[in-house]
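As structure tokens, the structure follows; a few thoughts come after it.
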Amino acid sequence: MGSEHVGQGGSIMKANGGKATILALGKAFPHQLVMQDFLVDGYFRDTNCDDPELKQKLARLCKTTTVKTRYVVMSDEILEKYPELTTEGTPTIKQRLHICNEAVTQMAIEASRACIKNWGRPTSDITHLVYVSSSEARLPGGDVYLAKGLGLRPETQRVLLYFSGCSGGVAGLRVAKDIAENNPGSRVLLATSETTIIGYKPPSTHRPYDLVGVALFGDGAGAMLIGSDPDLISEKPLFELHNAIQEFLPDTEKTIDGRVTEEGISFKLARELPQIIEDHIEGFCGRLMGVLGYDNKEYNKMFWAVHPGGPAILNRLEKRLDLFPDKLNASRRALTDYGNASSNTIVYVLEYMIEESKKIKKEQQEGDGEWGLILAFGPGITFEGILARNLAV
């Protein structure tokens with residue numbers, strides 16, 4: 001059994017029977033909107049730091065990240081209540097987790113509600129929940145609090161993915177795909193939620209790499225509804241998910257390094273990260289594209305929904321694969337508007353991908369842009385990838 005959807009060029013895009021599809025997307029953000037042009041002064045004021053060299057370095061980084069706006073949980077009210085968050089060397093993990101646990105749950109609830117509204121079916125039709133976060137730690141996990149907040153049925157089956165970092169959104173989508181395809185009739189809610197408060201620290205000459213995170217990362221939540229054999233009376237499939245693969249690169253564990261300490265989580269991103277991704281991207285994509293019979297000369301026939309870890313990663317990927325400049329538009333727009341919001345960002349990329357594909361469908365040859373790759377890179381170094389069809393145009 002399959003279901004049909006009108007696609008690009010007026011053709012009929014048919015969702016293959018049994019294949020998982022993304023049926024709806026949703027997102028949510030905290031109330032604080034940060035303009036990149038004002039971030040440097042605000043950050044140094046809030047942390048009571050007046051080091052001119054660090055301030056100049058952060059100003060340079062803010063320009064190179066291409067980020068223009070971001071949303072953050074951190075607020076004047078939080079800093080007033082917890083001034084110790086800006087004090088170097090102060091044990092604050094208890095305070096951070098108290099803030100984060102509450103914030104990520106609320107954002108996940110709001111993103112999930114937006115997704116369910118876009119889906120158009122009742123919450124009671126959700127059979128499974130996959131929850132992803134690298135911003136909280138507790139027992140029971142955030143999946144229970146999200147299920148409670150949404151009013152999901154107690155028999156809803158849950159999967160919890162913690163500390164997958166930037167690859168978490170696509171990892172969660174891979175897991176949701178497997179659940180949907182192995183449980184006919186199931187409807188899987190995937191929710192991601194992240195906040196940078198878990199790693200918020202004052203600037204320090206001993207941790208210059210922290211400034212990269214200050215210039216790049218944002219907060220928010222994302223949600224997707226996944227199921228196979230969509231009912232076109234009540235559902236509108238957006239993407240069909242085919243092969244999904246994961247690969248870690250041996251001996252790269254320290255390239256993206258995160259440690260839980262008494263002061264929160266400390267992250268280190270090695271300078272060679274973009275180069276490592278560039279060196280391995282062709283082989284990884286080749287494993288996915290080979291299913292279609294595509295070779296490395298045909299990258300531009302596909303759409304590219306890539307987690308925007310940073311502009312350097314996108315630039316290197318574009319150069320190595322010789323992609324047309326517009327192929328990464330969705331990723332670059334997400335980075336500009338929201339920063340790198342870790343696991344959530346792939347939801348924002350997919351939303352922009354739908355917009356972009358509708359804009360350019362008249363210029364494409366028949367079949368171009370129908371197939372594409374959903375990609376993300378995280379700790380490990382871990383590559384996550386899904387071969388997908390765009391059914392939304």
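The table that follows gives values for the structure above.
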read-out	value
Angle in degrees between helix 36-46 and the longest Cα principal axis of the chain, rounded to the nearest 10	40
Spin-label pair Leu33/Asp76, simplified geometry with 7 Å Cα→Cβ offset, distance in nm	1.8
Summed side-chain charge close to Asn329 - residues other than Asn329 whose Cβ falls under 10 Å, Lys, Arg +1, Asp, Glu -1	+1
Percent accessible area from carbon and sulfur atoms, the chain, protein chains only, probe 1.4 Å	52
Nitroxide proxy distance, nm - points 7 Å out along Cα→Cβ at Val291 and His206	4.8
Fluctuation leader among Leu373, Leu79, Leu225 - the chain, Gaussian network, Cα springs under 10 angstrom	Leu79
Normalised alpha carbon radius of gyration of the chain [divisor 2.2 N^0.38 Å]	0.97
Whole-number percent relative contact order across region 223-314, with pairs defined as alpha carbons under 8 Å at least 6 apart	19
Solvent-accessible surface ranking, highest first, for Trp371, Trp304 at 1.4 angstrom	Trp371, Trp304
Computed lengthening from Thr261 to Ser234, 0.36 nm per intervening residue step minus Cα-Cα distance	4.9 nm
Two-site FRET efficiency, Ile93 against Glu253, from Cβ-Cβ distance with R₀ of 25 Å, rounded to 0.05	0.65
Inter-centroid distance (Cα atoms) of region 333-348 relative to region 95-154, Å	19
Sum of -39500 (n - 2.57) over DSSP H runs of 4+, divided by residues of the chain (222 nm, nearest 500)	-11500 deg cm²/dmol
Residues of the chain: accessible area per residue with a 1.4 Å probe, Å²	43
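The values are calculated or read from the model by the stated rules, or taken from the named source; none is laboratory data. Since we're looking at a predicted model, the values are computed, not measured. Heads up, the Cβs are rebuilt from the backbone with ideal geometry, glycines too, and the neighbour counts pull from every protein chain shown. Just so you know, the surface numbers come from the protein's heavy atoms only, side chains and all, with ligands and any DNA or RNA stripped out. Shrake-Rupley method; radii C 1.70, N 1.55, O 1.52, S 1.80 Å.
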